[in-house]
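Notes follow once the structure below has been shown.
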Protein chains: 2
Amino acid sequence: METNIRMDIQTFVAQSIGRWRSQRSGHNLAFQHFEEVRSVVDIAARAADDADVIELCKNNGVDPALATSPFFMKWDAESDWDEDEKTTGSCLLVPVPDLKNTSRGQLLRSQGYAEKMPAVGEYRFTEEGMFVLVTPYEQAAAEERIWFATQNLRLRVSNILTSSGTGVLTTSFASEVRSLSQ
Amino acid sequence: METNIRMDIQTFVAQSIGRWRSQRSGHNLAFQHFEEVRSVVDIAARAADDADVIELCKNNGVDPALATSPFFMKWDAESDWDEDEKTTGSCLLVPVPDLKNTSRGQLLRSQGYAEKMPAVGEYRFTEEGMFVLVTPYEQAAAEERIWFATQNLRLRVSNILTSSGTGVLTTSFASEVRSLSQ
């Protein structure tokens, strides 16, 4: 990973488009329990004038003209999931960059990560081009960090924080390898 | 994690001192294999004029007066390791900050992470205070990222790269919770 990359959301989403084979390890910190999930993640671009994109913007009071590089994610867990783990899911994500500083912005999503409801997160890119997303939920907050170790390896660390933000309940790590045969 | 923390090695080592209960998940990317290791990690400060610190500096052609916040790590795996996984180990680490830019430097170690020989890595802190260490070995290179999610939760992502640096062979994630009863 190089330093002083001026990453923007367009570049980051473009690098993320495709099919990824994911290994995810969840750590429950209180019980030292491990969870292992293998899944296939598909990330596809959506047009900025897509009806679902426009609706998600309107539901959040955002001018649809500000939507940048919207994308649709779906995932399908292959094995080793908990009984109560949802095995398939999908989500529409709409970045809305800050007009004054394009290395930051909002991320609207049709379904949240920590709770199954629409959510709005705040993202920023670090000087290394690491994507950092903080999403407040009613009962908790999620901090996600996503970066590319290589063009074909995406790494993701997600922490679920107490709603006060002072404690971490669970942490998980996903390594996502681009699937070259689709 | 706040932005624009001007982290230095003294502060980072001071935060790291103590006993940590670690959960580590290793991902073998080619085979999608998971490894799970629970261990206890002890990190203790060493005096800058400790004989072992001076010897490690001299073996690397470094003036011992430049050694800053040397520390000693030992680890003891508790369960779920591979048969060939070493269950206990220890390592002396000696940071040598760059005189011109104290957010960077060298890290001397008495034993390496990817290969069992002394190693010298290059570290730097990002604007968020994340510690990034790159260590070249004969057959591979290791990139480690360590950061504090809270004062009592240290997270660590380690990638083993091909020696050319273009591919990642394995990646692992450790969550380390400070043990308040020692």
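The phi-based Karplus calculation (6.51 cos²θ - 1.76 cosθ + 1.60; θ = phi - 60°) puts the 3J(HN,Hα) values of the range A:50-55 at 4, 4, 5, 5, 4, 5 Hz, whole numbers, x for Gly and Pro. The equivalent ellipsoid that matches the C-alpha gyration tensor of the range A:9-178 spans semi-axes of 25, 18, 16 angstrom, in descending order. Among B:D52, A:D8, sorting on how many other beta-carbon atoms sit within 10 Å of each Cβ, with the fewest leading, yields B:D52, A:D8. Residues whose amide H lies under 5 Å from that of A:G167, counting only those 5 or more places away or on a different chain, are A:T162; hydrogens are built 1.01 Å from N in the peptide plane.
The shape of the protein assembly as shown comes out prolate: with a ≥ b ≥ c from the C-alpha gyration tensor, a/c is at least 1.5 and a/b beats b/c. Phi angles across the range A:137-151 convert, under the Karplus curve 6.51 cos²θ - 1.76 cosθ + 1.60 with θ = phi - 60°, into 3J(HN,Hα) values of 10, 5, 9, 6, 9, 10, 10, 10, 10, 10, 8, 9, 6, 9, 4 Hz, Gly and Pro given as x.
Charge tally for A:T68 (other residues, Cβ to Cβ under 11 Å; Lys, Arg +1; Asp, Glu -1): -2. The H on the amide N of A:M7, modeled in the peptide plane, is under 5 Å from the matching H of A:G129, each at least 5 residues off or on a different chain. Using the Karplus relation 6.51 cos²θ - 1.76 cosθ + 1.60 with θ = phi - 60°, the per-residue 3J(HN,Hα) values for the range A:57-72 come to 4, 4, 4, 9, x, 10, 5, x, 5, 8, 4, 10, 6, x, 8, 10 Hz, with x marking Gly and Pro.
Starting from the label point of B:I17 at 7 Å along Cα→Cβ, the same points in the other copies fall at 5.2 nm, in ascending order. Pairs of Cα atoms nearer than 8 Å and 6+ residues apart set the relative contact order; for chain B it is 22 percent.
Between identical copies, the spacing of B:N28 label points, each set 7 Å from Cα toward the C-beta atom, reads 2.7 nm from nearest to farthest. Projecting label points 7 angstrom from Cα along Cα→Cβ for B:L99 and B:A47 puts them 2.6 nm apart.
Within the listed set A:G167, A:G61, A:G89, the residue fluctuating most in the Gaussian network model of chain A (springs between alpha-carbon atoms under 10 angstrom) is A:G61. Springs join every pair of Cα atoms under 10 Å in this Gaussian network model of chain A, and among A:N60, A:N152, A:N101 the largest mean-square fluctuation is at A:N101. Distances between copies of B:A44, taken at a point 7 Å out from Cα along the Cα→Cβ vector and listed shortest first: 5.9 nm. Non-local lysine pairs in the protein assembly as shown, meaning eight or more places apart or on different chains, with alpha-carbon distances under 21 Å, amount to 8.
Here, each number is a calculation from the coordinates, and none is a lab measurement. The shown structure was predicted, so the numbers you read here are calculated from the model rather than taken from an experiment. Glycine also receives a Cβ, built like all others from the backbone with ideal geometry; neighbour counts cover every protein chain displayed.
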